[in-house]
Amino acid sequence: MRIPMDGFEGPVIVTVIYVLLYYATQIHILRTKGRLRKAYAERDETFDRYFGQDREMLAADRVQLNMLEHMPVFLVLLWLHAVFVSPFSATVAGGVYTALRAAYPFVLGGRLGRGVKSGIMAVTFPSYGVIAYLAVGLVVEAIRS
């Protein structure tokens, strides 16, 4: 039996894109790990994936973990907002959020350094704003009901 989407195509597409983006971060980790293992071996050094503190590996991990940390909150609020407030506004907010998450690795860069890059805040704070928008919309709708 096929269940009609009835206006929920947008949140479905945003969800799939977000999940694909998450798996892209997994692939990035695997590629980074493989490249670093080879580079370390060429220098006759041991690559320690978890305790070596290689700045490239730390950056790859940070990107993936940042996506994972925010995934449950984002997806729950996206779908609650789509169902109880508006699939359209959930799609727009979800698209903005996903675009900001996609920008995160580029703003972070390929290596973690000391301190926080100021550009990270240009991605992080608007992301929190989208999460707040989705949540506040739900609270307002709950109060109206």
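The values are calculated or read from the model by the stated rules, or taken from the named source; none is laboratory data. Small disclaimer: the values here were computed from a predicted structure and weren't measured. Because the Cβ atoms are built from the backbone with ideal geometry, glycine has one as well, and the counts that use them run over all protein chains shown.
Worth pointing out:
- Residues (more than 18 Å from the chain's Cα centre (by Cα), free of Cβ contacts under 8 Å to residues at least 60 places away in the same chain and outside any loop (DSSP other than H, G, I, E, B)) located in the stretch 124-145: V136, G137, V139, V140, E141, A142, I143, R144
- Hits in the stretch 28-44 - residues which are assigned to a helix (DSSP H, G or I), charged (D, E, K, R) and surrounded by fewer than 17 Cβ atoms within 10 Å (Cβ to Cβ): R31, R35, R37, K38, E42
Let's see how each residue does on (1) at pLDDT below 95; (2) under 30 Å from M5 (Cβ atoms); (3) hydroxyl-bearing (S, T, Y); (4) not in a helix (DSSP H, G or I):
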position: T46; (1), (2), (3), (4): yes, no, yes, yes
position: E69; (1), (2), (3), (4): yes, yes, no, no
position: T91; (1), (2), (3), (4): no, yes, yes, no
position: Y104; (1), (2), (3), (4): yes, yes, yes, no
position: R111; (1), (2), (3), (4): yes, no, no, yes
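- Exclusive hit being surrounded by 12 or more Cβ atoms within 10 Å (Cβ to Cβ), in contact with a Gly (Cβ under 6 Å, 6 or more places away or on another chain) and in contact (Cβ under 8 Å) with a residue 60 or more places away in the chain, set L21, L78: L78
- R62 meets the stated requirement of being basic (K, R), surrounded by 13 or more Cβ atoms within 10 Å (Cβ to Cβ), under 29 Å from L30 (Cβ atoms) and free of Cβ contacts under 8 Å to residues at least 60 places away in the same chain.
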